[in-house]
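Just so you know, all these numbers are worked out from the coordinates, no wet-lab data involved. Note that the structure is predicted; figures quoted are calculated from it, not measured. Cβ: placed from backbone, ideal geometry, glycine included. Neighbour counts: every protein chain shown.
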Amino acid sequence: MGDLFFGLQLALDLPHDSLLRPQLATALGELRQSDAADRQRAGWRRTAEALLASARAARMGTWDLIRGNAEVEYRQWVDELEAMAGWQGADFGQDGTYVLSTIVMHVQGGSNSDRTLGDCCDIPEAQWLTRGTYARLLGALPRLNCTNIIGSAWYLAPHPECAGFSAEVLAGDGFSYLQAVRG
C-alpha cells in the first residue's frame, strides 16, 4: 500500500466585513507556527473549527483522496497554490468576496491517519459534494496522528484581509474542477 494524498478545497463566500475572515487568518497563523506533532494536532483542530464555522459560506468545492503517487500529487497542488500567492490583485477579479481555502496532506501509507482518512472518505458518490460531507472531512483533521503526516499545508487565497475572488474568476478557466456545494 502506497502513501496517500488528501486534498480539500472550498470557495467560501465571505463579505469583506465578515468576522470569519480574521478567524481564518488567525487559525492559519497558529497552524503555521506549530511544529511538534502535538502542536500540529491542536493547530488542525483550530483549523477544522474555523472552517466548520465558515461551512455555511461554502459555495463551491472539491476534495480528493489518492493512493499511490501521493508525493507527486501533493507537490503539484503545493506548487500551484504557491504560484497563486504571486498573483496580482486584478487576477482575483473585481470586488470579489470569495476566499479559497485549500488543505493538502501527504500521509504515510498504512498508518492510523491513512485509515482515518480512508474511512472518512468512504462516502457514496451521490453525497460527495454535500455540505455534510465537507463537514465530515474537516472533522477528521483533529483526529489524525500528525506523526503519520509526511507533509501538510493549509492555504487561504487571497489573504482574508484582501478583497476576494470574484464569482466570474472562479467560474472561469483554471477553476473548472470546483463544483457547487449542495445542502
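Give the range of the longest stretch in the chain that excludes all chymotrypsin sites (Phe, Trp or Tyr not before Pro) found in loop regions by DSSP and having at most 14 other beta-carbon atoms within 10 Å. Present the calculation step by step, with values, prior to reporting the outcome.
Values: sites that count: 87, 177.
Longest gap between qualifying sites, sites excluded: 88-176.
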Relative to the chain, whose Cα atoms define the longest principal axis, helix 20-33 and its Cα axis are tilted in degrees, nearest 10, by 40
Helix axis angle, 131-140 relative to the chain longest principal axis, alpha carbon, degrees: 50
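Could you tell me the relative contact order of the stretch 4-180? Use alpha-carbon pairs under 8 Å, at least six residues apart, and round to a whole percent. Before the final figure, lay out each step's value.
Working: 290 pairs, mean separation 65.3, N = 177.
It rounds to 37 percent for the stretch 4-180.
Between residue 168 and residue 79, what FRET efficiency comes out of the Förster formula 1/(1 + (r/R0)^6) with R0 = 25 Å and r the beta carbon distance, rounded to 0.05? Please report the intermediate quantities before stating the final value.
On the way: r = 25 Å, r/R0 = 1.00.
It comes to 0.50.
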Sort out for me the Cα centre separation of the stretch 62-85 from the stretch 1-43, rounded to whole Å. 16
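Stretch residue 19-residue 175 to full length: gain in nm at 0.36 nm per residue minus the Cα-Cα span? Could you put the intermediate results ahead of the total?
Working: separation 156, 0.36 × 156 = 56.16 nm, distance 2.62 nm.
Working it through step by step, the gained length comes to 53.5 nm.
Taking all pairs of different Cα atoms in the chain, averaging 1/r and flipping that mean, what Kirkwood radius in angstroms comes out?
Values: mean 1/r = 0.0606 Å⁻¹.
Answer for the chain: a Kirkwood hydrodynamic radius of 16.5 Å.
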Using the alpha-carbon atoms, what tilt in degrees (0 to 90, nearest 10) does helix 37-53 show relative to the longest principal axis of the chain? 40
